[in-house]
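Notes for the one structure printed next.
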Amino acid sequence: MQTAHERGIFNGNILVVQKGKVIYQRSWGYADGSRTKMLTPDMRFDIGSISKEFNGTGIMILKERGLLSLDDPISKFLPALPAWSAKVKIRNLINYTSGIPPVEGNAPEVDSVILSKLMSLKALSFEPGTAYIYNHYNVYLQMRIIEKLSGMPYADFIRKQILIPCGMTLSAIDYSLNAEDAAKAFDSEYKDTPYPPGMSGWVRLPVTDLYKWAECLDSYQVISKASVNELAANFPGGESSLGTSGLENGELVWHQHQGSNNNYEALYYSNLKDQVTIVMMTSNQQMKVYGIKFAILAALKGEPVIVPKKSLYLEMRAKILADPDRGLAFYRDLKANHQDQYDFSSEIPDLISTGKYLERRNKLDDAVKIFTVAVALNGKAADISYGYELIGECYFKKGDKSRATENYTKALEIDPKNKNAEGILATLKKTQP
């Protein structure tokens, strides 16, 4: 961990538990970009998408009480939504197969804006259950269903039904990140990262409470084993409400979830079989928590340890956003001259992440340029297929259904297991003459 910190790839809190015993806990680095205050173990962090586990668990609590079925259409509980809601089942919300697309707009996506966008949405991107789009609209709708059936605000329900029973006394929903005991996010130049207004319902907590959450899930304290397994089910190639997981003979043997948001990043990994849990939280995102996790697991097994290098993606994304051609020239210089400092082991995924970074900012032509560089490299069929899928997605957003179809078809040819490309391609063919 000292090497990781010295390389500038980890500023945060970490906890490692083996067979129920804490074998390592340490705070590394600063509490904000000023570098005048050090992190402490009890500081709260934003954990990004990991927070979505709580709404998923809330849905399963209501299911176990007989208040809903995962096959209920969401229109049953939210009847004011447009006609498309009759097609979307609750299970589509928890595994992100609803077909609800991100809706463009410049206003900060606070709850009222999200509701307005959903009310104005005319049609789904694909038939629910046939493909996967990971976005927070699915989470927003889960929260509203929980409120409708429980008769209480979402934050109160999560606190009463999950946080308190799990002993997560230092966890809070939408806790102020300006509080004295909250870690403040900053970038690689130690500039503080503003946290813009957004959707409500995010759980913020210290590293010890995230460990308690993993233990609560693994011991089936708030929902049953069957419900945990159902929550862990994912669409092929996509994440579930529990991130990613491994099953053996129908038994959940491990699960992990990474979340990031405005330079916050967190990861927890729980292996029920080996009785190992690793929890990391950082306020200086470097996209290296997975690599650090693998290094820790290797150390626990007495195997050679490889500490990750600096992130290629983080180094080039801002430069490519500012000027794609100059940014790509910078990337090629790193590849030719600086592989001793930067990690090129995931070169294609890093290029794809950069393209997605541009796509989220509606720089669709620039995103296609980056995806095209990625798919021209030699790599895993699944990665190349995903690159073509994203090119298709960009053309679809541009209204060019012909080129979208061409690229989704290429994605499926390269990887016939790409169910997402298959589902969206089927929808495209239905809409073309």
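The values are calculated or read from the model by the stated rules, or taken from the named source; none is laboratory data. Note that this is a predicted model, so its numbers are computed, not measured. Reconstructed Cβ throughout: ideal geometry from the backbone, glycine too, with neighbour counts over all protein chains shown. Remember, those area values only see protein heavy atoms, side chains included, never the ligands or the DNA or RNA. Shrake-Rupley method; radii C 1.70, N 1.55, O 1.52, S 1.80 Å.
Put a plus charge on the Cβ of each Lys and Arg, a minus charge on the Cβ of each Asp and Glu, and nothing anywhere else: the dipole of the chain about its Cα centre is then about 460 debye. Here the simple spin-label model places points 7 Å from the Cα toward Cβ, and for Ala83 and Gln18 these points are separated by 6.1 nm. Taking the stretch 20-38 and a reference point 7 angstrom along Cα→Cβ of Glu180, the backbone N atoms nearer than 20 Å belong to 30-38.
Assuming a strict under-15 Å limit between Cα atoms, what lysine pair count do you get for the stretch 50-134 once near-sequence pairs (fewer than 8 apart, same chain) are dropped? Within the stretch 50-134, the lysine pair count is 5. Scanning the chain for cysteines with no neighbouring cysteine C-beta under 4.7 angstrom from their C-beta gives Cys394. For Lys401, a cut-off of 12 angstrom between C-alpha atoms picks up these aspartates and glutamates, skipping any fewer than 8 places away in its own chain: Glu393. The residue list Leu39, Phe344, Phe77 was ranked by how far each Cα lies along the charge dipole of the chain toward its positive end, using unit charges on Cβ atoms, and Phe77 comes out on top. When the Cα positions of Ile90, Ser227, Asn378 are compared along the charge dipole of the chain, Ile90 comes out farthest toward the positive end, with charges on each C-beta of Lys, Arg, Asp and Glu. Distance between the modelled labels on His5 and Ala226, one decimal in nanometres: 4.8 nm (7 Å Cα→Cβ projection). Taking the helices alone, the chain has a mean residue ellipticity at 222 nm of -12500 deg cm²/dmol, built from -39,500 (n - 2.57) per DSSP H run of at least 4 residues and averaged over all its residues. Couplings 3J(HN,Hα) for the stretch 390-395, derived from phi with the Karplus relation 6.51 cos²θ - 1.76 cosθ + 1.60 (θ = phi - 60°), are 6, 4, x, 4, 5, 5 Hz, where x marks Gly and Pro. For a Förster distance of 30 Å, can you work out the FRET efficiency between the beta-carbons of Lys76 and Asn135, rounded to the nearest 0.05? Here the calculated transfer efficiency is 0.85.
Remark: the stretch 7-56 carries a charge dipole of roughly 220 debye about the Cα centre, counting +1 on each Lys and Arg Cβ and -1 on each Asp and Glu Cβ.
Here the accessible area of the chain is 51 percent carbon and sulfur, with a 1.4 angstrom probe and all protein chains present. Our estimate of slack between Glu303 and Asn362, defined as 0.36 nm per intervening residue step minus the Cα-Cα distance, is 16.8 nm. Shape analysis of the stretch 116-188 places it in the oblate category; the axes a ≥ b ≥ c from the Cα gyration tensor give an a/c of at least 1.5, with a/b not above b/c.
Pairs of lysines in the stretch 223-310 whose Cα atoms sit within less than 18 Å of one another amount to 8, provided the residues are eight or more positions apart or on different chains.
Using 0.36 nm per residue and subtracting the Cα-Cα separation, the extra length available between Lys160 and Arg35 on full extension is 41.3 nm. Taking 0.36 nm per residue of separation and subtracting the Cα-Cα distance, full extension of the segment from Ser116 to Lys398 would add 99.3 nm.
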